[in-house]
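Handing you this structure, nothing more for now.
The values are calculated or read from the model by the stated rules, or taken from the named source; none is laboratory data. As the structure is a prediction and not an experimental result, all values here were calculated from the model. Neighbour counts run over all protein chains shown; Cβ positions are idealised from the backbone, glycine included.
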Amino acid sequence: MMNLLLFGLGLQEIVVIALIVLLLFGGKKIPELMKGLGKGVKSFKDGMKEIDMDDKEVKSEE
């Protein structure tokens, strides 16, 4: 059925990894980590949009 969920990992492997992360970081740190990860992804996307805009400006000047 659903043998491959994410990067070739099954449901059992994902659950084990989630439990290990929970044990290592604790329940209070995980939301902070996810918030930081979200900010990083948003910053990366904004940077990519800025590069695209710069490319369009350079092409329009030519």
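I'm trying to understand the selection: among the residues of the range 5-44, which are surrounded by 10 or more Cβ atoms within 10 Å (Cβ to Cβ) and basic (Lys, Arg)?
If the condition is that a residue be surrounded by 10 or more Cβ atoms within 10 Å (Cβ to Cβ) and basic (Lys, Arg), then Lys29, Lys35, Lys39, Lys42 are the ones that fit.
If you check Ser60 against the conditions, is it surrounded by fewer than 11 Cβ atoms within 10 Å (Cβ to Cβ) and modelled with pLDDT of 80 or more?
no
Would you please list the contacts, defined by Cβ atoms under 6 Å and residues six or more apart or on different chains, that run from a residue in the range 5-29 that is modelled with pLDDT of 85 or more to a residue that is exposed (fewer than 12 other Cβ atoms within 10 Å of the Cβ)?
none
Considering the range 26-62 alone, what residues qualify as being of a type in the set (Ser, Thr, Tyr) and not in a helix (DSSP H, G or I)?
Matches in the range 26-62: none.
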